[in-house]
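Only one structure is covered here, and it is reproduced in the block below.
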Amino acid sequence: MLYRSHRGQLTESMSTVIEVDSLSDIYAHEKLSFPKIANNLAIEYYCYDDRIGWETHIVTSEGYGVLGFANGDLR
C-alpha cells in the first residue's frame, strides 16, 4: 500500500509517499515527526480521489487528528 502524510497542498502531500504494510508502519514513520502521538491509529474509507487515482482511506490518531492518507485499507 501507499501512504502519504497530510500536508497543506496535494503536491506537498504526494512528495511524502512511502510504501507501507500496516498501520504499525505508519505509526513508526509518523512518530519520527510527531513523537507525542499515541499508537492508536484508525483508518477508514474517505473517498475516491480522481486527481491521483486513489481509493483514499484517511488515517487518524485519537488526540491528534488526521495524520495522512493511504490508497487502501490496512486493517
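Throughout, read-outs are computed from the coordinates displayed, never taken from laboratory work. No experiment lies behind these values; they were computed from the predicted model shown. Here the Cβ positions follow ideal geometry from the backbone for every residue, glycine too, while neighbour counts run over all protein chains shown.
Observations on the structure shown:
- Cα-based helix-to-principal-axis angle, 23-33 vs the chain, degrees rounded to 10: 70
- Convex hull (Cα only) mean projected area of region 2-70, reported in nm² to one decimal: 4.4
- As a rough guide to protection, the peptides 42-52, 56-66 ranked by mean Cβ packing within 10 Å, highest first, stand as 56-66, 42-52.
- Extending 7 Å from Cα along the Cβ direction at M14 and again at D49 yields two label points whose distance is 0.9 nm.
- Normalising the average separation of contacting C-alpha pairs (under 8 angstrom, six or more residues apart) by the number of residues puts the relative contact order of region 2-70 at 31 percent.
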